[in-house]
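Report on the structure given below.
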Amino acid sequence: MSAERSSGGLGRKLRDARERKGVSLREISNRTKIAVAVLEGLEREDISKLPAGIFGRAFVRSFATEVGLDPEASIQEFTLQFRDDLATVAHPPAERIDENEISEGKRRTTRRVLVMVALVAAVAGAGAYLWLPRFREPSAATAQQTAPAGVVLNGAGASTVRETPAAAPVREPPATDGGPSPAVEDRPASSPPPVDRMTVTLTVSRPCWVSVIADGQRQAGKVLKPGEERTLEARNDLALTFGDAGAVRMTINGAAAKTIGKSGEVVTIRLNLANLGNWLSAQ
C-alpha cells in the first residue's frame with residue numbers, strides 16, 4: 001500500500017502556509033534539523049520517509065510551528081488522515097524487532113559463552129596436570145642448580161665432587177651420540193576472551209536525530225550535533241534509526257563501520273553478535 005495521498009489535506013495546508021510566509025524547505029530544515037526529503041514528503045502527503053511513533057508526530061509539530069499553523073490541530077489532522085498508514089509505515093518490516101528473535105539470540109549467546117567457558121576450563125585443567133608435578137618433586141636440573149658449586153647430586157641423593165672450577169655454571173648434561181634429545185614440553189596456548197557485548201560510538205557531520213533500542217529496551221531519541229559523540233552498549237541486539245544516514249560515522253568495538261546510507265535517507269539497522277563482522281569496513 002502506498003503512503004502517498006492526493007493533495008488537499010494536511011500536506012496542502014503546510015505548503016500553502018509555508019509559501020505565504022515566503023520560506024523555503026531548506027530554511028525550515030536548517031531550523032528544525034529535519035531532512036529536506038522528509039519535509040517534501042509531508043507536503044506531498046507521502047509519509048514513507050517519516051519515522052515511527054512520537055518522532056513522526058514531532059516532525060509534524062515542528063513543521064506546523066515553523067509555518068504558523070496550530071501544531072496540536074495539525075497533529076490531530078495528521079493522525080486522522082493517516083491512521084491506516086501509520087500502522088505499516090514505520091520501520092521496514094525486515095528491520096522490526098521480534099521478541100522471539102531477541103530471546104533466541106540471547107539463548108545462542110548463552111550457549112556460546114558456556115562452550116567458551118568449558119574450553120577454557122579444559123585448557124586450564126590440562127595446564128595444571130602438566131605443571132603440578134614440577135611443584136611436588138624438584139627436577140634433577142633444579143637440584144643441580146641448588147647444590148653447592150662443584151657438587152653434583154646422583155640418582156640416590158648422594159653427592160659427588162665434580163672436577164670443575166667452583167664458579168663454573170651448572171648445565172644439563174648434553175645428549176650422548178645416538179641418545180634421545182631432551183624433551184621439549186608443549187605449553188597450552190591461551191584462549192582469547194569471548195566477545196560478549198557491543199560498544200558502538202556515533203559521530204555526525206551535520207545534525208541528525210537517532211533512535212535507539214538496546215537489548216529490547218527503547219532509549220530516548222536524541223538529535224546529535226557535529227562534534228558530539230554518543231556511545232551505546234548492548235549485550236545481544238542493538239537497533240538504530242537515523243534521520244540522515246549519510247551524516248553518520250560509526251565504530252563497533254573500536255573498529256570503523258561501513259557507510260550506513262545516503263544523505264537525507266532515513267535508515268534503520270540492526271546489530272547483534274552474529275552479524276558484527278558484516279558491518280565492519282574492509283581494512
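The table that follows gives values for the structure above.
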{"quantity": "Number of the condition not met by Arg12 [criteria: (1) closer than 24 Å to Cys208 by Cα; (2) at pLDDT 90 or above; (3) surrounded by fewer than 18 Cβ atoms within 10 Å (Cβ to Cβ); (4) of a type outside the set (Val, Ile, Thr)]", "calculated": "(1)"}
{"quantity": "Residue that is nearest to Ser263 (Cα to Cα), among those in segment 60-79 that are small (Gly, Ala, Ser) and buried (at least 16 other Cβ atoms within 10 Å of the Cβ)", "calculated": "Ser62"}
{"quantity": "Qualifying residues in segment 245-263 (those that are in contact with a helix residue (DSSP H, G or I) (Cβ under 9 Å, 6 or more places away or on another chain) and surrounded by 18 or more Cβ atoms within 10 Å (Cβ to Cβ)) - the one farthest from Leu50 (Cα to Cα)", "calculated": "Ile252"}
{"quantity": "Residue within segment 198-214 that is modelled with pLDDT under 90 and assigned to a loop (DSSP other than H, G, I, E, B) present", "calculated": "no"}
{"quantity": "Residue tally, condition over 32 Å from the mean Cα position of the chain (by Cα), buried (at least 22 other Cβ atoms within 10 Å of the Cβ) and either assigned to a loop (DSSP other than H, G, I, E, B) or β-branched (Val, Ile, Thr) (or both), over segment 34-59", "calculated": "1"}
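The values are calculated or read from the model by the stated rules, or taken from the named source; none is laboratory data. Computed from a prediction, not measured in an experiment: that's the story for all the values here. Cβ coordinates were reconstructed from backbone atoms using ideal geometry, including for glycine residues, and neighbour counts include every protein chain displayed.
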